[in-house]
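Worksheet for the structure shown next.
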Amino acid sequence: MHKRYTYQPRAGHGLPHDPLNAIIGPRPIGWISSVSASGERNLAPYSFFNCFNYTPPIIGFSSTGWKDSVQNIVETKEFVWNLATRPLAAAMNESSASIPRHEDEFALAGVTPLPASQLNVSMVAESPVNFECRLTQCIQLTDAQGEAINSWLILGEAVAIHIDPALLEEGIYQTAKAQPILRAGGPSAYYGISEDQRFDLLRPDALRR
């Protein structure tokens, strides 16, 4: 019989740190910029983030609590995802600080606000990839009993995508060259990726053609 460490999350995990976000990881970072209806900029990282659809491209992040990013996006129906990279790791981390709503995380993190092309939202100029997004859904999550929980899933369609040309080689985006950083478990763990960790697999359907 295979041995397993087993726990029921509602009863607690019994470990020094919750293993959930270490197991489901490493995870891409949703470095989200937004603006309030009154024009106050916001920039914040979310580690529950991913891409959910190809055509149209839909990305999303989940916020534990109704935070400024969620409030802004519901007000304006707009946000930008900025790729968090190894050179920008410290700035990304700084932008996670809890500060009053009227204070500007762009200034706090020392990054440059760049006007978006389709939206009234600032992008991180130093980030090599930016997705301009329009809100498609704001969903309050529920548990298995159907009870609403204090977490909100924001989904948005990317209506403009900006890529540093240095990351395109013969028209192919070079993932490792962008140096994306990925959130792992515990209070501080992140990972990067490198080309020597790459491997390739073709889907079975492609092999049968």
Checklist outcome for this item: Note: among 18, 68, just one is at pLDDT below 95 and over 16 Å from residue 182 (Cβ atoms), namely 18
Checklist entry - Filter the range 62-121 for residues that are without any contact (Cβ under 8 Å) to a residue 40 or more places away in the chain and of a type in the set (Ser, Thr, Tyr); which is nearest to residue 149 (Cα to Cα)? => result 98
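Do we find that residue 147 is among the charged types (D, E, K, R) and touching a Ser or Thr at 6+ places or on another chain (Cβ under 7 Å) in this structure? Show your work before the answer.
Numbers: among the charged types (D, E, K, R): yes; touching a Ser or Thr at 6+ places or on another chain (Cβ under 7 Å): no.
So residue 147 fails the test.
What about residue 107, is it over 15 Å from the mean Cα position of the chain (by Cα) and within 18 Å of residue 127 (Cβ to Cβ)?
When the stated conditions are applied, residue 107 passes them.
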Next on the checklist: Among (1) touching a Leu at 6+ places or on another chain (Cβ under 8 Å); (2) over 24 Å from residue 132 (Cα atoms); (3) not in a loop (DSSP other than H, G, I, E, B), there is one condition residue 205 misses while meeting the rest; what is its number?
Outcome noted: (1)
Item to check | Which numbered condition residue 55 fails, given (1) of a type in the set (Val, Ile, Thr); (2) buried (at least 16 other Cβ atoms within 10 Å of the Cβ); (3) more than 19 Å from residue 27 (Cβ to Cβ) | outcome: (2)
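The values are calculated or read from the model by the stated rules, or taken from the named source; none is laboratory data. These numbers were taken from a predicted model, which means no experiment stands behind them. Positions of Cβ are generated from backbone atoms using ideal geometry, with glycine treated the same way; all protein chains shown enter the neighbour counts.
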